[in-house]
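As structure tokens, the structure follows; a few thoughts come after it.
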Protein chains: 2
Amino acid sequence: MPKINSQRLMADLQELRSIGAVETGVVRQALSEKDMEARRWLKAKFEEIGLATTIDGVGNVLGRSTKNGPALLVGSHSDTQPRGGWLDGALGVIYGLEIARALAEDPETADLAVDVVSWQDEEGSFLSCLGSRSWCGTLDPEMEKAATNKEGVKLTDAIAAAGLTDVPRLRIEDGRYRGYLEAHIEQGANLEVAGEQIGVVTAIVGIRAMRFCFHGEQNHAGTTTMARRKDAATAMYELAHRINQDFPKVADEATVWTMGRVVVEPGAPSIVPGYAEIGLQYRDRNEAILDKFEEIASGIADEIAARGKIKVEYERTRAPIRPSEMDEGFQAHIAKAAADHAPDKWRHMPSAAGHDPMVISDKLPCAMLFIPSIDGVSHDFAENSHEEDIILGCQVLADATASILAEGRGS
Amino acid sequence: MPKINSQRLMADLQELRSIGAVETGVVRQALSEKDMEARRWLKAKFEEIGLATTIDGVGNVLGRSTKNGPALLVGSHSDTQPRGGWLDGALGVIYGLEIARALAEDPETADLAVDVVSWQDEEGSFLSCLGSRSWCGTLDPEMEKAATNKEGVKLTDAIAAAGLTDVPRLRIEDGRYRGYLEAHIEQGANLEVAGEQIGVVTAIVGIRAMRFCFHGEQNHAGTTTMARRKDAATAMYELAHRINQDFPKVADEATVWTMGRVVVEPGAPSIVPGYAEIGLQYRDRNEAILDKFEEIASGIADEIAARGKIKVEYERTRAPIRPSEMDEGFQAHIAKAAADHAPDKWRHMPSAAGHDPMVISDKLPCAMLFIPSIDGVSHDFAENSHEEDIILGCQVLADATASILAEGRGS
């Protein structure tokens, strides 16, 4: 099996970190100057090892191996959150680079084709998974036209500012790929808590979100009897608490739901609220559970509305993300490599956060590998992982890349 | 019985309304220029009918009858909410003026002593019931020093700006008063809904308020399992809904409670809330019910905290207002007058809103009379009452004033 160079891996990660570094974190949002600087740096690194590299019309950086396929595409994204960690995205891209290098250096694997990629705007500064959607041909032109960042800058203007307006966009190359592999920090604490080093991702969970709006009647909190009140907040509290009582009855161990955004108007201690609103987001790898949740939540809302005091409106507030199953064959390769390098310190687990394979798995077999996040922190300057885990993860993914491609050699 | 002059009553109400008029409402917050202009206008009106009138060091306007006591003090307040209605406060002050006038004009009641008052800052722009507290000698100097309005202006600076710093403050005159009478709009819709014209107030309800703060742990809404979460908002929803389930078991028909102010932080759909806060306010004329409510709410909070995930802090967020019983003898006089003028169209009822008699009833027997509010609206420019009800209320209170004082004549 090819051996990765851990010093080179860490040096490249640190050099990429320096582009847009702020305190211990990185600020390199999609299509910003720092993002494009990082992409040009990546292009040079990919070219150094002989990959034919393109920055395409949305900023995807794709280094194509000159070897014959079937190829594996390995990578992640190099754009960050507004106050991003240094490993989120960057880790998977530099793994791709190091794996391509390590396989090329080993005579036994030098014939295998590893392409490396950094997708654009996985974090959704403008449009989440912009780069992988564009590559897969599933980017909705209307969504692209409408996309803006938080400051109101249009995606099309940001593309123009980055000098990419007339640059062609890459599309998935028919017949070339066995599949796509991505490594990522866990962004949770499950591995750390269990004292484990590698997560083999089984599926990326589906995500749905709903908003419930309660229309009552604003009134004086002293002179309006309870019988005459139409208290919008009271209805909202009931929905929220009953969801928390009823969802566990149908949830799996890994199912999560959150009601993290609330509005109560006018929001004064002495006024019966005339309006309230609550957001509900829920995630699971099993669509049947997501369906059941939607049914329970809307059932409670309908029951409250049927009492005739409060008008309740609800709607889905984002395009639902369907659960994405990871390829079982690929999972077996990663699991074998994990068992070799970290016996009893790995597990199968779902990804509760979203990643580009949600988009790509409609077109190609995909797999993901997780390494532990210290204290489970992510989307924060404080995000970090132990160097030992970073190095181990790269070696495990390198083994899996080699064994998947070697398997294809016979065909 | 003395007959009030309804045209004069309505003209005075309209003239007072013109001072600080905005749209259909009035903006005349305590110690503002318009408030002081209204007080000088009231002083002139009181003097016109021979009352020895003083604007004291906090802005109370007190017109003292030259007749021997025992006297009745009749009035209310002329300061308003930031966007106040034209009758809230003003009605009771002008009733006092008209009643003093009407009794003086009637030979049979001309010997009776009616003093008229407009208290300062009942609405609490700086310090609720400032004027009546000062007059009763129960104004806490520390509270006065600390008091500011919403714009951060100190009460002491506002008093200076009104030129009152060195003006003496009136104190209750020992032995002079039989008691205090105040008329007010209902600020609710009970009378209107029942088709009634007069409310004889039995008690002003007590008010307590608490704030519950929930300290959990902010986390990623995807990667943090339900088992590991410390969701502050979930605890808050539980408290709120259980309060709404448990309070009705011990509440009376007139008990009210409100949770109108909520904070959930950081307030994002995709983040497990690390902090939540909710305000609870409750009112009843029975202290035992208020005690029981406090016990129930803090019991639920303690139970949630005892599970060890969420730290729950709670505290009273205002000095509790104890229920104030209105004088039963006075109530009988008002009830008799109501029965004479509006047979079957009056009722006994508690006041669910606060008024100066909460303060004064510790020193003097008090009574209040309500007239209907159109649609129950108050603390709003849209506040209004039917002219017929305004006139009837004044006549009823005039009768009661005369009969209470006449009763005292024998003594």
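How much of the DSSP bridge set in chain A is antiparallel, in percent, rounded to the nearest 5?
Details: 43 of 65 bridges.
Rounded to the nearest five, the antiparallel share is 65 percent.
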To the nearest 20 Debye, how big is the dipole of the range B:206-316 about its Cα centre, given +1 on the beta carbon of each Lys and Arg and -1 on that of each Asp and Glu? 340
Using Cα pairs under 8 angstrom and six or more residues apart, how large is the relative contact order of the range B:304-411, in percent? 29
Rough spin-label spacing in nm, given labels placed 7 Å along Cα→Cβ, for residue B:52 and residue A:40: 9.1
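Which percentage, to the nearest 5, of the DSSP beta bridges contained in the protein assembly as shown is antiparallel?
Details: 86 of 130 bridges.
Counting only bridges with both partners in the protein assembly as shown, antiparallel ones make up about 65 percent.
For the pair B and A, how large is the buried accessible area, both sides, in square angstrom to the nearest 100, if the probe is 1.4 Å? Present the calculation step by step, with values, prior to reporting the outcome.
Values: alone 17660 and 17670 Å², together 31690 Å².
The contact between A and B buries close to 3600 Å².
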Provide a list, ordered by number, of residues in the range B:219-250 showing at least 40 Å² less accessible area with every protein chain present than when their chain is taken on its own, using a 1.4 Å probe. B:220, B:222, B:223, B:225, B:226, B:228, B:237, B:241, B:244
Give me the percent relative contact order of the range B:206-316, please, defined on Cα pairs under 8 angstrom at least 6 residues apart. 44
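Normalise the Cα radius of gyration of the range B:206-316 by 2.2 N^0.38 Å (N = residues in it) and let me know the number.
Working: Rg = 15.0 Å, N = 111, 2.2 N^0.38 = 13.2 Å.
Taking N as the residue count of the range B:206-316, the ratio is 1.14.
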Treating the angle as unsigned and between 0 and 90°, give the value, to the nearest 10°, between the Cα long axis of helix A:232-246 and the longest Cα principal axis of chain A. 50
How fast does the protein assembly as shown diffuse by Stokes-Einstein, in µm²/s, taking the Kirkwood radius from C-alpha pairs at 10 °C and 1.306 mPa s? 51
Determine the per residue accessible area of the range A:206-316 with all protein chains present and a 1.4 angstrom probe, expressed in square angstrom. 39
Work out which GluC sites (Glu not before Pro) in chain B are exposed loop sites (DSSP not H, G, I, E or B, at most 15 other Cβ within 10 Å) and give the longest gap free of them. B:254-411
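Probe of 1.4 angstrom, ligands and nucleic acids ignored: what's the accessible area per residue over the range A:12-163, in square angstrom? Please report the intermediate quantities before stating the final value.
On the way: 5430 Å² over 152 residues.
Per-residue accessible area for the range A:12-163 comes out at 36 Å².
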For an R0 of 60 angstrom, estimate the FRET efficiency from the Cβ-Cβ distance between residue B:363 and residue A:246 and round to the nearest 0.05. 0.65
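With all protein chains present, how much of the accessible area of chain B (probe radius 1.4 Å) comes from carbon and sulfur, to the nearest whole percent?
Details: 7560 of 15840 Å².
Percent of accessible area from carbon and sulfur atoms in chain B: 48.
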Once the Cα atoms of helix A:387-409 and of chain A are each reduced to a long axis, what angle between those two axes, in degrees from 0 to 90 to the nearest 10, is obtained? 70
Go ahead and collect, in residue order, the members of the range A:337-361 whose backbone nitrogen is under 16 Å from a label point 7 Å along the Cα-Cβ direction of residue A:388. A:341-346
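Where the only charges are on Cβ atoms (+1 Lys, Arg; -1 Asp, Glu), what is the dipole of the protein assembly as shown about its Cα centre, to the nearest 20 debye?
Dipole of the protein assembly as shown, to the nearest 20 debye: 80 debye.
How about the range A:129-160: which trypsin sites (Lys or Arg not before Pro) there are in a DSSP loop, with at most 14 other Cβ atoms within 10 Å of their Cβ?
On the way: sites: A:133, A:145, A:150, A:154; in loops: A:150.
For trypsin sites (Lys or Arg not before Pro) across the range A:129-160 that sit outside H, G, I, E and B with at most 14 neighbouring Cβ atoms in 10 Å, the list reads A:150.
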For the pairs B:43/B:363; B:230/B:292; A:309/B:230; A:67/A:336; A:3/A:345; A:292/B:309, flag any whose C-alpha to C-alpha distance is greater than 31 Å. A:309/B:230
Between residue B:298 and residue B:217, how high is the FRET efficiency from 1/(1 + (r/R0)^6) when r is the Cβ-Cβ distance and R₀ = 35 Å? Nearest 0.05. 0.90
May I ask what percent, to the nearest 5, of DSSP beta bridges between residues of the range A:1-140 are antiparallel? 60
Using only Cα atoms, find the angle between the long axis of helix A:287-306 and the longest principal axis of chain A, and express it within 0 to 90 degrees, rounded to the nearest 10. 20
Given a Förster distance of 30 angstrom, what is the FRET efficiency for residue B:316 paired with residue B:156, based on the Cβ-Cβ distance and rounded to 0.05? 0.70
Dipole size in debye (nearest 20) for the range B:108-255 around its Cα centre, Lys and Arg Cβ +1, Asp and Glu Cβ -1? 1020
As a test of reading the structure, rank B:341, A:220 by solvent-accessible area (1.4 Å probe, protein chains only), most first. B:341, A:220
Compare B:369, B:170, B:280 in a GNM of chain B, Cα atoms joined below 10 Å, and give the one with the largest fluctuation. B:280
Two pseudo-spin positions, 7 Å from Cα along C-beta at residue B:328 and at residue B:291, lie apart in nanometres by 2.1
Can you list the residues of the range A:257-280 whose accessible area drops by at least 50 Å² going from the chain on its own to the full set of protein chains, with a 1.4 Å probe? A:258, A:260, A:269
Among B:233, B:113, B:281, pick out the residue whose Cα is farthest towards the positive end of the charge dipole of chain B, where Lys and Arg carry +1 and Asp and Glu carry -1 on C-beta, about the Cα centre. B:233
Taking Rh as the Kirkwood radius computed over alpha-carbon pairs of chain B and applying Stokes-Einstein at 20 °C with viscosity 1.002 mPa s, one gets a diffusion coefficient in µm² s⁻¹ of 94
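The values are calculated or read from the model by the stated rules, or taken from the named source; none is laboratory data. What you see is a predicted model; the values in this text were computed from it and never measured. Note: ideal-geometry Cβ built from the backbone for every residue, glycine included; neighbour counts use all protein chains shown. Accessible surface is based on the protein model in full, side chains and every heavy atom, while ligands, DNA and RNA are left aside. Shrake-Rupley method; radii C 1.70, N 1.55, O 1.52, S 1.80 Å.
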